[in-house]
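Down below is the structure, laid out as structure tokens.
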Amino acid sequence: MKYLIDLAMLYEVDAGVIMINGEEESSIKLSSQAARLLYELVINNGKTLDRDDLIKKVWEDHGYNGSSVSLNVAISEIRKAFRSLGRDPLLIKTIRGKGFSLAAHIEHHTVRPPVAPAPEKIAVEVPDIATQRRDAPAPLQRRDRGFTSPVVMALVAIAGIAALFFYQMTRVADKSKDDDIHLLGKIERCTVYLIDNNMYQPRQAYFNRAKELIARQHIDCKHQAADAYYSKFKKPQLENDFLAICYLQDSVDSYKNCISYRSLTGS
């Protein structure tokens, strides 16, 4: 099953691959979690999907333990793939306090049958006098070219400025939406991020706690490249620490798989 997203990206559901339509060399392999999540977003295009429902359908129904952090990591992976393919990552909308929604043009992708060749046209000779009557006088043609060239150049310049303005606005909007993901630092080949709307503690405090969890889970950052996503939730007399490790594909800007860990402290 294949879907065409935003008239440009081809999503192959069974393979979990997304690419620019017609350009197989642009293929990006999604992790199994991100692939299932994108499928849910596609078939419910335009609808707001609740976080708990997505966690159930993408993780729990397949025998995995999901969490809000796992969901955020998978959303970030899909947005990263969109951005790598030159498309707007904000096609996936964050609905505060509820969940996520995909706002894109979706089509079922089908292979069109070959078009029968058009019948050959029979050339008919036209007398020279007819050709002479159709030709415009040379001075008129020169005046037309002289008038059209500046107009066309002006239109092209205006279109270029408009496109540049739209691109800059998209980048600003994208940045504002991803403000809940903060770079904490690197541990050898692991890049550590914090997922939180607000940083209530110093950055180094979060980084030190993330390093403790990575060491406790024996994550091999020396030999394997990975992105680590850390989040901390506090409740009365209870602290929840979440850590998701997403291992990177070799020479490919996508994830092989993601593993999440949860630590509870308190009483």
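The values are calculated or read from the model by the stated rules, or taken from the named source; none is laboratory data. Quantities reported herein were computed from a predicted structural model and do not represent experimental measurements. Don't worry about glycine lacking a Cβ; one is built from the backbone with ideal geometry, like all the others, and counts go over all protein chains shown. Heads up: the accessible areas ignore ligands, DNA and RNA and are worked out on the full protein's heavy atoms, side chains in. Shrake-Rupley method; radii C 1.70, N 1.55, O 1.52, S 1.80 Å.
Tell me, yes or no, whether the range 31-43 has at least one residue that is among the basic types (Lys, Arg), within 24 Å of residue 230 (Cβ to Cβ) and within 16 Å of the chain's Cα centre (by Cα).
Checked the range 31-43: at least one residue is among the basic types (Lys, Arg), within 24 Å of residue 230 (Cβ to Cβ) and within 16 Å of the chain's Cα centre (by Cα).
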Task: Any pair with Cβ under 8 angstrom, 6 or more apart, that starts in the range 88-105 at a residue that is touching a residue at least 12 places away in the same chain (Cβ under 8 Å) and ends at one that is basic (Lys, Arg) and in a strand (DSSP E or B) - done: 100/93; 101/93; 102/93; 103/93
- [ ] All but one of (1) at pLDDT below 85; (2) not in a loop (DSSP other than H, G, I, E, B) hold for residue 251, so report the exception by its number.
- [x] (2)
- [ ] Restricting attention to helices (runs of 4 or more DSSP H) lying wholly within the range 1-118, give those where 1 or more residues are of a type in the set (S, T, N, Q) and either out of contact with any strand residue (DSSP E or B) (no Cβ under 6 Å at 6 or more places or on another chain) or open to solvent by 10 Å² or more (accessible area, probe 1.4 Å) (or both).
- [x] 32-43, 68-84
Task: Subset of the range 181-195 (residues that are within 18 Å of residue 261 (Cβ to Cβ) and out of contact with any strand residue (DSSP E or B) (no Cβ under 6 Å at 6 or more places or on another chain)) - done: 187
Open item on the list: If a residue must be farther than 16 Å from residue 50 by Cα and either among the polar types (S, T, N, Q) or in contact with a helix residue (DSSP H, G or I) (Cβ under 6 Å, 6 or more places away or on another chain) (or both), how many such residues does the range 64-87 contain?
Closed with: 8
Open item on the list: Scan the range 196-216 and tell me whether some residue there is part of a loop (DSSP other than H, G, I, E, B), at pLDDT 85 or above and either surrounded by 13 or more Cβ atoms within 10 Å (Cβ to Cβ) or not aliphatic (A, V, I, L, M) (or both).
Closed with: no
